[in-house]
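One structure is given here, and the rest of the page talks about it.
Throughout, read-outs are computed from the coordinates displayed, never taken from laboratory work. These figures come from a predicted structure and were not determined experimentally. Note that we place each Cβ from the backbone using ideal geometry, even for glycine, and neighbour counts take in every protein chain shown.
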Amino acid sequence: MNKEDLLAQLKELTATGQLSRDEVLVALGQPSSSAPERLPVKQGRHFEMATILYGLGGLIVVAGFIFLIIQIWDSFSAAAQILVTLGSAMALYIAGTLLYQYKKINLISLVLFTAAAILMPIGIYVTLYHLSPGGNVWLGQLIIAGIPAAVYLLTARLNKHPLLLFIAILLSTWAIYALVGLLLDGSNLTGEALVKMWVYFTLIVGTSHCLLGYSLKDKAEAKLSGPLYFLGAAAALGSGYSLTFLQDIWVFLFFLLILAAIYLSTTLRSQSFLVLGALALMVHLTHISFKYFANSFGWPLALIISGLLIIAIGYATVFMNQRFIKDTNSKSVINE
């Protein structure tokens, strides 16, 4: 039987249903058409481990470099001190920029960018220390933080990586604090009024970080929403608690701030808001019991009630986390 007769017979068998297409494919050693398609194996765990090792190694290198410089710092001249700090930061930044173009070693470039972000403010401080005749401390802080902030804002815009944007946000926050300090330095505020101004400003900064995290949740930088929620909630709740010692009205207003944080934890599916809100509520209840009942007969009773409330808050926190945050996140991952 020649090839043409064999193919004709095979065609006749498949046409009459005596032989299926899948049986032919299996006989030829090929996967059948009905077999489930094999999905590529994800390398997420390997990628995560590489990220941890790169980051840990980079931090160890930076720490070793800093300790080495500290040991021999006094033997350096002014020019050598500037070169070792600011020069090293510039070299690391340039190396990170060049290596970022190669995707296979992208993680190494991010480690270099992070190390440069640590050394750059130190280098600028050393440069100002040797070359500046002196002046306003807040102006020096603005220069030390403002220049790296501008550099990393531009870098994040060009390279579009969440880590670079996060570094830029941290440096920009530092620069904004320095700018406000420079503006307040010329004011007549002193003592408690000045403290209140700083605490209210921290409340505004924390709220701004939360809003920034919310604005990024549907963008490529969505990974930053969680850290920004944490930083923002910590700053807002911390400043709100500080205000309870400065203004009596905040003893009540702080409850509203805590309730707002817990409500946002359910709408934004954020564990940061939930955990920090619950901790703030526990601390505030304990603080109230000590402040208003410490010298009265009802103080032991207040402690008992506070303890029971804290237990209830802990249970409610776990329940809300399971019911409104983890379950919802799991369903969204399945649907995707």
In the range 76-168, the trypsin sites (Lys or Arg not before Pro) that sit in a DSSP loop and have at most 14 other Cβ atoms within 10 Å of their own Cβ are Lys160
With label points set 7 Å from each Cα along the Cα-to-Cβ direction at Ile70 and Arg157, the distance between them in nm comes to 3.7
Proxy exposure order for Leu110, Leu279, Leu256 (fewest C-beta within 10 Å first) is Leu256, Leu279, Leu110
From the cross-link list Lys217/Lys291; Lys103/Lys217; Lys104/Lys219; Lys104/Lys223, the entries with a Cα-Cα span beyond 29 Å are Lys217/Lys291
Exposure proxy check on His287, His161, His130, His209: fewest-to-most Cβ neighbours within 10 Å is His130, His287, His161, His209
Sorted largest first, the C-alpha extents of the range 77-187 along its principal axes in whole angstrom are 51, 34, 15
Fewest-first ordering of Glu23, Glu192, Glu221 by Cβ atoms within 10 Å yields Glu192, Glu23, Glu221
